[in-house]
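Chemist: Got a structure here, written out as structure tokens. Questions coming.
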Amino acid sequence: MLNFLYPSFLFAMGLIAIPIIIHFFNFQRAKKVYFTNVAFLQEVRAVSRSRNRLKNLLILLCRCLAIIFLALAFAQPYLSRQNAEVVQQGNHVSIYLDNSFSMQNQADNKTLFDLGVTNAERILGLFPKEVLFQVLDNSFARNTRFFFDKQKVMDSLRTLNYAPSNRTIQTIYNRQLEAFQTNTSEKQNHIFWISDFRKNTTGDLTKLKIDTLNQFYLLPLQANQEANLYVDSVWLENPFVKVNENNTVFVQIKHTGTEAIEDKIVKLFIDDRQMSSSTVSLQPNETTEIALNFAVETAGAKFCKIVLDDYPVLFDNEYYFTLPVAPPVKIVHISGDETNFIPNVYGSEPFFNLKKYSIEAVDYNELKGAGLVILQAIPEIDEALKSALRNFLRKGGTLVIFPSAEIQTQSYQEIVNLAISSVPKVGSPRLALNPPDAQNPFFEGIFDKEEKNMNMPENQAVLMWNRAGQNLLTFKNDRPFLTRLTGNLNPNSQVYLFASPLDTEFSDFPKHALFVPVMYKIALSSRTEIEKLAFSFAESTAEITIDSLQKNDIFKLVPIGESENPEIIPNQRISGNKLILDVPKSGLRAGNFSIVRQKDRQKVGSIAFNFEKIESEGQSYSMDELEEIFKNHSNIQIFDSMDSTDFATDFQDKNVAQNLWRWMLILALVFLLAEILLLRFWKKETTDYLVRK
């Protein structure tokens, strides 16, 4: 059915009277031409009056039609569509606008997010004034269960920004259905999805469960060119960072773009000070690994970040992490003699925090926060110490046992979970040790070069056991001298069992060059729970080791540097010396944070959060794929238009009416052009009356 948007303009058709009046009253008189001699006139051509009349009628017709079609163009005629009735019926419209970070990609020098906002604003103008709208984004932080008028929704769109989260389309659709069920009893409503439809975040659209009553409109936004560079992971060459000691941070970088990149700069910042830099060149979908060297001058937690030079996707150009510089290894030394070999090893190194107790005066509370416990020359373990050691191993601690010459093996067997027996002192000879296996990771970094004829210490064993665990050092007769046992009461617990006492009467080991590096390695290996450098918002919890935790302590996260992040108190709980935080899912951006005890505002730790990598990679559903998936759904329309004006026009053409005003304007111009051509190329011929002078 033909209708007019502005029918009042049809009165302008009355203007066709002007050219008609001009045509009938514009009489031309004959023009006289005087000749001095008719001899100069060779031919007089008579022209039919009917030919001139035809030309004038054609010009009149062109002028009239131009005016008619121009008036029609202003009246904006349109043909109503069958879907127009459906569009008019629904009084509630739900718009999902994808504001995930992948929408930072660009098309025609505009971000996909900006294009999505413009399209959402266009949608508001496609429906009558009384229609109410819901705008849904990935944060789910707004009043997403309610509908509002156009102006309020417009204001909401102008304040919308990127959200550090993503949702599947099924999750979005379920939330939209909840809003409809809460606010209206109508069965036919309108649902818009504006997104880049990333496969790894949108979900499997072939399994999408949707109804047949609501009308669905998909607006896929696709970038001209996929381009993104991001940090996949970061790790340290030596996880135990010491002051003024060179170290290396390894960075794995991925390129998900469709074109090669060259000489992109990668920088390492520690406490806002640039420490190192490098460049990377990558082919499409290539991954590389770079090494950035650094050294720190002071102890304490360091706030670090890797910065990439990448455009237009900016959210993952910075990767944050923390360095626990020189975190002390707490060592509890329980001794039954007066030898000072252990204090001499650990006492001069600030990296180790040594507490020494005699067997008669042990503070069992110190075992709770310790990483390493050393038992030396203790003949028998009493029940109190045995219980404390069990709890220590259950929490993943590391225990070192140097036996006493008078050891009572029965009291040790329950701790080491191993059948051990005494070796008589009388008649037991000293034996040299075999050289250590330089390929064993435990001895990595101890030897500058492997020496086949290494001079090894001699020892007299007072303990023996069958092969178990990992033998790190053995006697010449292949019996174990030092064995590492793991996973007794906790998968992370370790027990280092020596066969000889730490006494020069039985062993040369404490005076050998191998003693100090072996004890250092044991102490460093006691840090089985090395703190993670960074956490992702995709994780559910974050665990941080903090000394002297109290059950009633409450901690908050305080952002570091110039950050948009607020101070927050996340959900938390305490387990032993572990602070377990629920990772915030909204309200925070990637960055470094101090962990501050609320009651005294004392900084007790540090933590870093980064956006999940799922946003940094992945491909989008193409138009062909979307059309193939939804080809059997008559209530789903897919618009292949990046321009908001074109989308609005396409929507109206498909669902409201086919606009004809463009054709009217074109026809008006065509007839104006025809008039010009008639006047320009059809010369008017007249019949002249010749008068002899």
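Taken together, the values in this text are just the output of simple stated rules run on the coordinates, not laboratory data. Keep in mind that what you see is a predicted model, and the values were worked out from it rather than measured. Quick reminder, even Gly has a Cβ in these numbers, built from the backbone with ideal geometry, and neighbours come from all protein chains shown.
Chemist: At what distance in angstrom do the alpha carbon centres of the range 488-534 and the range 352-390 lie from each other?
Modeler: 15 Å
Chemist: Same structure, new question: Tell me, what is the percent relative contact order of the range 55-198, built from C-alpha pairs under 8 Å that lie six or more residues apart?
Modeler: 34 percent
Chemist: Another one. Which of LYS199/LYS395; LYS129/LYS613; LYS356/LYS556; LYS110/LYS613; LYS152/LYS264 have a Cα-Cα distance over 32 Å?
Modeler: Violating the 32 Å limit, Cα to Cα: LYS199/LYS395; LYS129/LYS613; LYS356/LYS556; LYS152/LYS264.
Chemist: Could you work out how far helix 661-681 tilts from the main Cα principal axis of the chain, as a 0 to 90 degree angle to the nearest 10?
Modeler: 50 degrees
Chemist: Note down the magnitude of the dipole of the chain about its Cα centre, charges +1 on Lys and Arg C-beta and -1 on Asp and Glu C-beta and zero elsewhere, to the nearest 20 debye.
Modeler: So the dipole magnitude of the chain works out to roughly 4220 debye.
Chemist: Note down the net charge around ASP624, summing +1 for each Lys or Arg and -1 for each Asp or Glu among other residues with Cβ under 15 Å from its Cβ. Show your work: numbers first, answer last.
Modeler: Values: positive: LYS199, LYS631; negative: GLU625, GLU627, GLU628, ASP640.
That works out to -2.
Chemist: Say R0 is 45 Å: what FRET efficiency, to the nearest 0.05, do HIS23 and HIS633 get from their beta-carbon distance?
Modeler: Taking R0 as 45 Å, the efficiency between HIS23 and HIS633 is 0.15.
Chemist: Taking the 0 to 90 degree range and rounding to the nearest ten, how far is the long axis of helix 515-525 tilted relative to the main principal axis of the chain, both from C-alpha atoms?
Modeler: The helix 515-525 is inclined about 40 degrees to the chain.
Chemist: How big is the range 229-326 along each principal axis, measuring the range of its Cα positions in Å and listing the largest first?
Modeler: Principal-axis extents of the range 229-326 (Cα, largest first): 43, 21, 18 Å.
Chemist: Collect residues whose amide H, placed 1.01 Å from N in the peptide plane, falls under 5 Å from the amide H of TYR96; neighbours closer than 5 in sequence don't count.
Modeler: Under 5 Å from the amide H of TYR96 lie the amide H atoms of LEU136, PHE192, TRP193, ILE194, each far enough along the sequence or on another chain.
Chemist: According to a simple spin-label model (label point 7 Å from Cα along Cα-to-Cβ), what is the distance in nm between LYS152 and GLU297?
Modeler: Label-label distance for GLU297 and LYS152, simple model: 5.8 nm.
Chemist: Is the shape of the range 535-613 rounded, prolate or oblate, going by the alpha carbon gyration tensor and its root eigenvalues a ≥ b ≥ c, with a/c under 1.5 for rounded and a/b larger than b/c for prolate?
Modeler: Oblate shape, in that a/c is at least 1.5 and b/c is the bigger or equal ratio.
Chemist: Which whole-number percent gives the relative contact order of the range 184-328, counting Cα pairs below 8 Å spaced six or more residues apart? All intermediate terms of the calculation are to be shown ahead of the outcome.
Modeler: On the way: 294 pairs, mean separation 32.5, N = 145.
RCO, the range 184-328: 22 percent.
Chemist: A further question follows. How large is Rg over Rh for the range 329-525, taking Rg from the Cα atoms and Rh as the Kirkwood inverse mean of 1/r across Cα pairs?
Modeler: 0.93
Chemist: What residue among VAL280, SER233, THR256 has its Cα farthest toward the positive end of the dipole of the range 229-326, where the charges are +1 on Lys, Arg and -1 on Asp, Glu, each on the Cβ?
Modeler: So the residue we want is SER233.
Chemist: For the range 279-287, take each phi angle, set θ = phi - 60°, evaluate the Karplus expression 6.51 cos²θ - 1.76 cosθ + 1.60, and give the result in whole Hz per residue in order, putting x for glycine and proline.
Modeler: 10, 10, 10, 9, 7, x, 6, 9, 10
Chemist: Pick out, in residue order, every one of the trypsin sites (Lys or Arg not before Pro) in the range 172-224 that is DSSP loop and has at most 11 other C-beta atoms within 10 Å; say none if there are none.
Modeler: Taking the range 172-224 and a limit of 11 other Cβ atoms within 10 Å, the loop trypsin sites (Lys or Arg not before Pro) found are LYS187, LYS209.
Chemist: Over the chain, what is the mean sequence separation of C-alpha contacts under 8 Å (at least six apart), divided by residue count, expressed as relative contact order in percent?
Modeler: 17 percent
Chemist: Using Cα atoms only, what is the angle between the long axis of helix 49-75 and the major principal axis of the chain, expressed in degrees (0 to 90) to the nearest 10?
Modeler: Once rounded, one gets 40 degrees.
Chemist: Between SER586 and ASN3, what is the FRET efficiency for a Förster distance of 56 Å, r being their Cβ-Cβ separation, to the nearest 0.05?
Modeler: 0.75
Chemist: Would you grab the residues whose amide H sits under 5 Å from the one on TYR357? Only those 5+ places off in sequence or on another chain, please, with H modelled 1.01 Å from N.
Modeler: HIS333, ILE334, SER335
Chemist: If you don't mind, another one. So in the range 329-525, what percent of DSSP beta bridges are antiparallel if you round to the nearest 5?
Modeler: 45 percent
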